[in-house]
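The values are calculated or read from the model by the stated rules, or taken from the named source; none is laboratory data. Nothing here was measured: the structure is a model prediction, and the numbers come from that model. We place every Cβ from the backbone using ideal geometry, glycine too, and count neighbours over all the protein chains shown. Just so you know, the surface numbers come from the protein's heavy atoms only, side chains and all, with ligands and any DNA or RNA stripped out. Shrake-Rupley method; radii C 1.70, N 1.55, O 1.52, S 1.80 Å.
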Amino acid sequence: MDRTAQLVARPAQHAVAYDPGTPPGPPHLGAPRTGPASRRAAQVLADNWTGSSTVPSPGLYPHQWSWDSAFVAIGLRHVSPRRAQTELETLLDAQWGDGRVPHIVFNPSVPLDAYFPSPDFWRSSTAGRAAGAPRTVQTSGIVQPPVHALAAWLVHRADPGLSRARGFLGRMYPRLAAWHRYLLHRRDLGGGGLVSVVHPWEQGMDNAPSWDAPLSRVTPAPARSFRRADLDHGAPEDRPTDLDYGRYVRLAAEYRDGGYRDGGTGPGGGEFAVEDPSFNALLIASEHALAHIAHELGATGTARHARAERLTAALVERLWDPAEEMFFCRDLHDPHGSGDRHGPRGPAGALVPERGVSGLVPLLLPGLPREVAAGLVRTLRGPHFGLGTATRLVPSYDLRGEAFDPHRYWRGPAWFNTSWLLERGLRAHGARADADALRRAVVDVAAGSDFAEYVDPFTGEACGATGFSWTAALTLDLLHDDGTTPDEPPDEPPGMTSGTAGTASTTGTAGTTAPGTTSGTGGTTGPDSAAGADATAIEGGDRG
């Protein structure tokens with residue numbers, strides 16, 4: 001029996017494996033953590049709150065980022081479920097008419113030169129008009145990984161009573177369904193069922209070595225045509241190179257000039273199209289979460305679980321390499337085309353032979369074939385990632401790779417969101433000792449680095465920004481008392497009291513207001529914005 005048949009033949013596993021120790025049902029907020037690490041993490045989220053959303057870092061990233069907000073909501077639910085709901089509502093208020101959730105929602109009170117590319121580069125309201133870009137909110141035109149349904153489900157579970165009273169899931173569901181529909185219908189550029197990214201920023205791991213070959217075919221924009229604001233806040237040796245940036249700018253500008261169309265020819269038609277394992281794994285996790293949301297709203301959710309299982313089968317068939325025991329990106333425009341195990345009549349493009357953390361993230365999926373999950377755990381422990389031996393957190397790239405750099409962005413440093421995802425995956429597949437060790441390491445290193453954006457995987461030395469929102473949020477999630485959490489580090493300097501960030505108020509602390517709703521009442525203006533949906537619409541709303 002081949003791997004796909006084996007996967008389909010296995011009994012369905014529909015448990016939410018991402019929230020151990022917190023079964024669905026009545027409110028499950030456990031004993032609040034009041035130690036110094038949790039107080040400092042809550043303070044970071046309070047400091048970075050604008051009144052309706054959380055910036056990743058006030059200096060380096062002064063707007064709202066899509067997958068950052070999903071991770072922020074996952075942690076924020078433990079101190080303020082209301083604010084966690086508002087975080088997601090604000091983001092989805094900027095959703096485009098075609099269903100896409102933009103990767104940046106710009107705060108109009110932030111000067112244009114504070115971040116590049118700024119709103120005047122993306123021109124969303126004009127260049128994105130045909131795709132239904134909102135007229136009153138400025139956004140980017142590309143997307144980021146779809147963690148949002150998973151975040152919405154976990155936020156609901158933090159306080160089901162509040163969620164039901166506010167109609168939170170009833171308002172979120174049609175928007176999330178439209179988001180997934182956009183990805184599944186408009187971004188299946190390889191024809192095999194998986195979603196493709198059309199820019200490295202969409203996958204979230206901007207300068208990962210997996211992008212080097214696909215990007216090498218892109219002519220960079222002239223250096224004089226843009227100014228990098230990121231270097232005002234970060235060391236050049238920690239950031240992507242100018243050559244990388246020139247290629248990012250060229251790709252984004254061509255996509256914009258093509259009206260943000262997907263899969264066409266000419267401008268915006270796709271110099272870059274890659275099927276990425278992490279992006280697709282997060283979509284699968286969110287499909288399972290959407291099934292749980294549908295069930296909460298009165299439907300069975302079976303169609304979404306089935307879709308998630310089909311996507312898992314496609315992920316294994318198209319991106320899994322059994323010899324290397326990990327998943328790889330597929331470059332759909334690789335001119336060599338058949339340079340992988342599928343042979344000349346296999347899928348378009350070829351696997352990119354670079355071992356990145358993206359190829360490990362599918363471990364979070366509970367429905368993986370057993371031999372695939374076991375292989376991923378072996379790879380995590382092995383010499384290429386060294387978890388538990390050479391490294392405490394999971395490096396973003398192969399320790400033995402030619403491009404490895406322990407400080408340069410996604411070319412080696414450890415990031416807290418990927419370690420969080422892999423901690424969930426290890427726990428889901430029974431590797432509890434590894435999961436416990438990784439959890440302790442995340443908490444210790446996060447607190448010791450002042451919640452850094454990313455760290456040296458060997459030493460834990462802080463890189464990038466400190467006081468980084470998703471680092472603080474995911475530390476709070478791992479510190480939450482679910483029966484498996486470690487003690488807090490004893491030597492963290494005191495922060496604010498834990499109740500400070502726990503208020504349901506949305507008046508904010510930073511004195512600025514990001515675009516979108518500020519009241520948290522959930523008014524919607526995007527696609528499929530009905531206040532609720534009957535069971536038939538919920539179950540079948542995105543079939544096409």
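The simple Förster model, with R0 at 56 Å and r as the Cβ-Cβ distance, assigns residue 219 and residue 302 a FRET efficiency of 0.70.
Computed over protein heavy atoms with a 1.4 Å probe, the accessible surface of the stretch 362-482 works out to 29 Å² per residue. Take each peptide in 472-480, 405-413, count the other Cβ atoms within 10 Å of every residue, and average; sorted highest first, the result is 472-480, 405-413. Is the C-alpha gyration tensor of the stretch 269-331 telling us rounded, prolate or oblate? Criteria: a/c under 1.5 is rounded; beyond that, a/b larger than b/c is prolate, otherwise oblate. Prolate.
Apply the a/c threshold of 1.5 to the C-alpha gyration tensor of the stretch 164-205 and tell me whether it is rounded, prolate or oblate. Because a/c hits 1.5 or more and a/b fails to exceed b/c, the stretch 164-205 counts as oblate. Taking other residues whose beta carbon is less than 9 angstrom from the beta carbon of residue 319, and scoring Lys, Arg as +1 and Asp, Glu as -1, yields -2. For the peptides 124-137, 303-316, 207-220, the ranking by packing is 303-316, 207-220, 124-137, with the highest mean count of neighbouring Cβ atoms within 10 Å listed first. Spatial offset of the stretch 384-424 relative to the stretch 257-331 amounts to 23 Å, using the alpha carbon center of each.
Each residue of the stretch 205-211 was assigned a 3J(HN,Hα) from its phi angle through the Karplus expression (A = 6.51, B = -1.76, C = 1.60, θ = phi - 60°), giving 10, 3, 10, 4, x, 4, 8 Hz with x at Gly and Pro. Per residue, the convex hull spanned by the Cα atoms of the stretch 71-194 measures out at 123 cubic angstrom.
For the listed peptides 419-425, 461-467, 398-404, a ranking on the average number of other beta carbons within 10 Å per residue, highest first, reads 419-425, 461-467, 398-404.
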